Amino acid sequence: MKLIGREETERVQDENDVVSLCSMFAGGESFGIDTRKIREVLGKRELQRVPLAPSMIGGVVPYRGEVLTTVNFRALLGMESYSGAGCVLVLDDDEDGERFGLAVDEVGGVVTVNRSALEANPTTLEARCKWLFDGAYKMQTGLMVQLDPRKLRPSRLTETGLFRQGTNGRDA
């Protein structure tokens, strides 16, 4: 058995107390996803729209010989479409083995925050979207809302019934 000193114990506790988030932006708002859930950031991509798909599905994008369904984050938030090409993050859901894309306006850098600083979701969030988030961190530049990538899976979004497709291909 190896005995570790107090300093090493504190360092291990500190490593377990922090989380690295990839910062991203939609409509001027700041969001973050745990970097361990992101497989790759593809950068700016034009998505191929899927006919009759609900607006939450931004389209598909080729990825390493696969075709990824890509979730339109702005549509989930009820925002207007982004005028330019958005950035696509490739997310992996370890539980179900589902890989999908998430289209956002911009991707920032990696931010390391203390887990204990996570606060409840802001009351200003729309009720329809609140369940997508784990909470928020107060940053120097404002709030960074943490996303739960498991809840962003296209199959999960369809199951919720919050984003139903009308007969004309638009959300009801």
Subject >> Residue-span extension gain [R36 to E80] - 0.36 nm each, minus C-alpha spacing >> reply: 12.9 nm
Original post:
Say a paramagnetic label sat at a point 7 Å from the Cα of K44, along Cα to Cβ; which residues of the range 76-111 have their backbone N under 19 Å from it?
Top reply: 81-90, 102-109
Subject >> Local electrostatic count at M139 - Lys and Arg +1, Asp and Glu -1, tallied over other residues with Cβ under 14 Å >> reply: -1
**OP:** Report the calculated FRET efficiency for D96 and Q140 (r = Cβ-Cβ distance, R0 = 35 Å), to the nearest 0.05.
**Re:** 0.45
Original post:
Among T124, T35, T112, which comes first, then next, by fewest other beta-carbon atoms within 10 Å?
Top reply: T124, T112, T35
Original post:
Tally Lys/Arg at +1 and Asp/Glu at -1 over every other residue whose Cβ is under 13 Å from the Cβ of G84; what's the total?
Top reply: -1
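Since every read-out is calculated from the coordinates, none of them should be taken as a lab result. Note that this is a predicted model, so its numbers are computed, not measured. Using ideal geometry, Cβ is built from the backbone for each residue, glycine included, and neighbour counts are taken over all protein chains shown.
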